[in-house]
Amino acid sequence: MDFYAILDQVIAVLRQRQRVTYRALKVQFQLDDDALEALKEELIEAQHLAADEAGRILVWIGDADTTAPASSPSAATQERVPLTYTPPYLAEKILTSRSALEGERKQVTVLFADLKGSTELIEGLDPEEARRLLDPALHVMMDAVHRYEGTVNQVLGDGIMALFGAPVAHEDHAVRACYAALAMQAAMQRYAEAVRRSHGLEMPARVGLNSGEVVVRSIGNDLHMDYSAVGQTTHLAARMEQLATPGSIRLTAATLRLAEGLVQVNALGPFPVKGLAEPVEVFELVGASAIRRRLQASAARGLTRFVGRQQELTVLQQALEQAGAGHGQVGALVGEAGLGKSRLVYEFVHSHHTLGWLVLESASVSYGKATPYFPVIDLLRRYCHVEEHDDIRTIRSKVTGQILTLDPALQDTVPVLLSLLDALPEDSPFLQLDPPQRRLRMLDALKRVVLRESQEQPLLLVFEDLHWIDSETQALLNSLVESLPTARLLLLVNYRPEYQHGWGGKTFYTQLRLDPLPPASAAEVLQALLGDDAGLTPLTQRLIARTEGNPFFLEESVRTLVETGLLVGAPGAYRLAQPLDTFHVPATVQAVLAARIDRLSSEEKRLLQTAAVIGTEVPMPLLQAIADPTRRRIISMLAAKPQNLNTISENFEVSRQAISLHIKILAESGLIIINQQGRERYCSIQPQKLAEVDDWIAPFRKMWEDHFDRLNMVLRNMDKKKKTPKKK
């Protein structure tokens with residue numbers, strides 16, 4: 001991280017906390033003395049945003065005595081362009097992939113936030129003084145959005161509008177938006193208290209959330225995004241904000257469904273919304289739950305029958321036996337989202353085989369890469385029985401007692417562990433160490449405690465979702481793996497295929513790749529979910545074909561059918577309420593697929609879009625015939641080396657003769673949009689123009705003729721809508 005990136009983060013911390021010790025800054029950002037002095041000069045002397053207090057504390061003065069820093073929205077500029085306030089790493093991600101993002105349909109959560117009664121608040125104040133009050137509030141709002149990788153699309157006079165899930169897709173967009181809203185209100189309360197003390201004014205904020213679909217139309221050089229909302233996506237989010245009381249957060253049932261179990265809400269009942277015939281159910285977001293993962297939320301609702309995976313369980317049991325005998329092991333479960341990695345871990349951890357083992361579990365989260373030791377801190381809290389409400393004295397007592405009971409010789413690790421939990425006294429010698437020394441002490445202390453615990457009792461250490469791991473936790477695992485051969489320890493991890501590590505050559509490393517469930521197992525899952533009604537047989541067959549055996553897709557599809565009223569009855573005893581002519585792809589599934597597609601490079605994504613216009617079975621020569629030169633190079637690489645499939649994710653199964661695209665759900669969900677560019681591509685690949693590859697077309701001709709007939713109908717309807725004059 002360069003100096004100015006650290007500077008921006010320090011400003012954000014100061015703005016929120018108002019007072020920060022120099023020692024805390026050195027620990028948080030791993031600063032050496034020279035870097036700290038440079039930060040002090042920049043903040044105190046150059047930008048006049050902070051003041052020194054007694055040589056130990058940095059005090060924020062930016063909101064009271066100076067204008068906002070250069071990176072803040074300018075008071076003189078009415079149009080505040082997103083490029084000026086979007087973090088550089090996020091701006092780069094959007095700009096480098098914007099050609100592939102444009103024209104895509106995204107599942108999003110929209111957030112509106114503003115200051116209640118801001119007009120009355122600034123009445124009578126000098127414009128510059130009013131700006132000095134409002135700009136820091138806007139910064140607090142934007143910082144909370146960016147912390148969870150949302151994008152601020154509009155900055156209004158006294159508020160913002162932000163999107164989570166667009167233009168970059170996030171499978172957990174609703175959860176991120178909820179956490180951002182909670183962080184925003186917490187930070188705004190601190191800022192409002194400072195304003196109350198300094199100016200005697202109240203600055204309450206209100207926030208509204210709603211989830212739905214948008215189509216990204218274009219992204220400008222300044223990151224301004226033009227989009228079209230599908231249905232009431234944006235309108236309802238704005239209405240939620242307007243319904244919110246000062247200091248509160250309101251959300252719709254659509255957002256709650258996507259974050260269910262992960263947040264705490266109060267149901268407020270139905271409210272009338274202008275423009276809608278029926279009232280809308282409204283909820284107040286009051287906090288985050290103790291649950292952080294989707295499987296935990298599913299377990300609270302009731303897990304479905306666990307089927308298949310017996311071979312994988314057997315392999316894990318064998319690894320457990322070896323580790324218990326003093327031959328430490330690493331077990332890795334690899335698979336795409338929804339295939340059941342976490343469920344397999346859950347079943348294994350809760351089996352009788354782990355009786356007598358100490359089990360410590362933790363997981364990385366999608367928004368935690370920028371937070372050092374994020375899953376380690378969670379694991380340490382569990383190990384030392386630290387609760388959320390514990391004060392610093394209680395935390396110190398619990399950690400010290402846990403470590404000294406394990407082994408008094410580990411006393412020197414206590415300050416290190418306390419620093420991870422922000423419970424270390426400011427005068428601790430550990431904080432005086434240089435950042436590299438602190439890092440080495442941290443890694444050594446954590447490894448020593450883990451290995452010493454494994455001498456007392458066999459230890460099952462679980463780290464899930466390593467594809468989201470932060471660099472410091474990765475360094476700890478790398479160090480721990482080197483010490484495993486003689487430890488009574490099984491390190492069980494899971495991750496998606498894009499994650500890379502260096503453990504593959506270890507003799508004590510076992511990798512299990514999870515594939516979709518075979519049709520028989522998928523049918524067993526559906527039978528447990530749906531029941532034995534004979535009228536459900538066609539639906540069962542259709543779901544198996546559409547989801548291709550992905551357990552999460554199966555469960556979410558059934559859940560959607562129940563929620564939309566197409567299935568009635570009780571779990572395990574459903575029946576169809578009406579013929580199933582149309583089927584809506586669950587929003588949760590669409591979000592997972594969109595995030596998966598966004599992991600492709602721009603050219604790979606365009607190749608997917610081109611092929612999606614043709615159908616689900618695309619012969620290689622046909623794709624080569626209609627692709628442009630850049631994409632032909634990708635196709636040639638895939639044709640020559642089918643084993644390199646992972647370079648283009650696992651949306652493809654490639655052979656020398658054909659590319660089979662797993663886009664049954666993808667196409668029906670509308671994630672691939674036929675925009676003007678796609679339409680031109682479609683018009684260039686009509687069947688009658690493909691005589692040069694006619695031999696390849698023959699087996700697919702009937703399917704494609706039907707496919708193109710449907711596409712023609714879609715395009716004609718699009719033309720009709722464009723020609724229909726709008727009602728005034």
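Some points to look at:
- Just one of the numbered conditions (1) assigned to a loop (DSSP other than H, G, I, E, B); (2) closer than 23 Å to residue 10 by Cα is not true of residue 390: (2).
- Residues of the range 249-272 that turn out to be in contact (Cβ under 8 Å) with a residue 60 or more places away in the chain and in a strand (DSSP E or B), as a count: 3
- Each residue in the range 410-433 was checked for being farther than 19 Å from residue 30 by Cβ and hydrophobic (A, V, I, L, M, F, W, C), and 2 of them qualify.
- Against the criterion of being loosely packed, with under 13 Cβ neighbours inside 10 Å and under 30 Å from residue 296 (Cβ atoms), residue 453 does not qualify.
- Selected residue (criterion: surrounded by the fewest Cβ atoms within 10 Å (Cβ to Cβ)) from residues of the range 271-298 that are under 26 Å from residue 585 (Cα atoms) and at pLDDT 85 or above: 278
- Condition check for residue 370: hydrophobic (A, V, I, L, M, F, W, C) and buried (at least 18 other Cβ atoms within 10 Å of the Cβ): no
- Taken as a whole, the condition of being surrounded by fewer than 24 Cβ atoms within 10 Å (Cβ to Cβ), charged (D, E, K, R), modelled with pLDDT under 90 and in contact with a helix residue (DSSP H, G or I) (Cβ under 9 Å, 6 or more places away or on another chain) applies to residue 213.
- From 186, 177, residue being part of a helix (DSSP H, G or I), out of contact with any strand residue (DSSP E or B) (no Cβ under 8 Å at 6 or more places or on another chain), modelled with pLDDT of 90 or more and under 20 Å from residue 262 (Cβ atoms): 186
- Filtering the range 1-49 to residues that are of a type in the set (Phe, Trp, Tyr), modelled with pLDDT under 80 and either closer than 20 Å to residue 430 by Cβ or in the same structural domain as residue 426 (by TED's automatic domain parsing) (or both) leaves only 29.
- Filter result for the condition that a residue is β-branched (Val, Ile, Thr) and closer than 30 Å to residue 419 by Cα, over 307, 334, 359: 359
- Failed item in (1) surrounded by fewer than 19 Cβ atoms within 10 Å (Cβ to Cβ); (2) among the small types (Gly, Ala, Ser); (3) part of a helix (DSSP H, G or I), with residue 502 passing the rest: (3)
- Residue 177 being buried (at least 21 other Cβ atoms within 10 Å of the Cβ) and not β-branched (Val, Ile, Thr): yes
- Residues of the range 189-203 that are crowded, with 18+ Cβ neighbours inside 10 Å and either outside any helix (DSSP H, G or I) or over 34 Å from the mean Cα position of the chain (by Cα) (or both): 203 alone.
- Residue in the range 465-488 that is assigned to a strand (DSSP E or B) and under 27 Å from residue 356 (Cβ atoms) present: no
- Within the range 395-409, the set of residues being basic (Lys, Arg) and under 17 Å from residue 24 (Cβ atoms) comprises 396 only.
- Given (1) surrounded by 12 or more Cβ atoms within 10 Å (Cβ to Cβ); (2) basic (Lys, Arg); (3) not assigned by TED's automatic domain parsing to the domain that holds residue 210, number of the condition residue 250 does not satisfy: (3)
The values are calculated or read from the model by the stated rules, or taken from the named source; none is laboratory data. Note that the structure is predicted; figures quoted are calculated from it, not measured. Quick reminder, even Gly has a Cβ in these numbers, built from the backbone with ideal geometry, and neighbours come from all protein chains shown.
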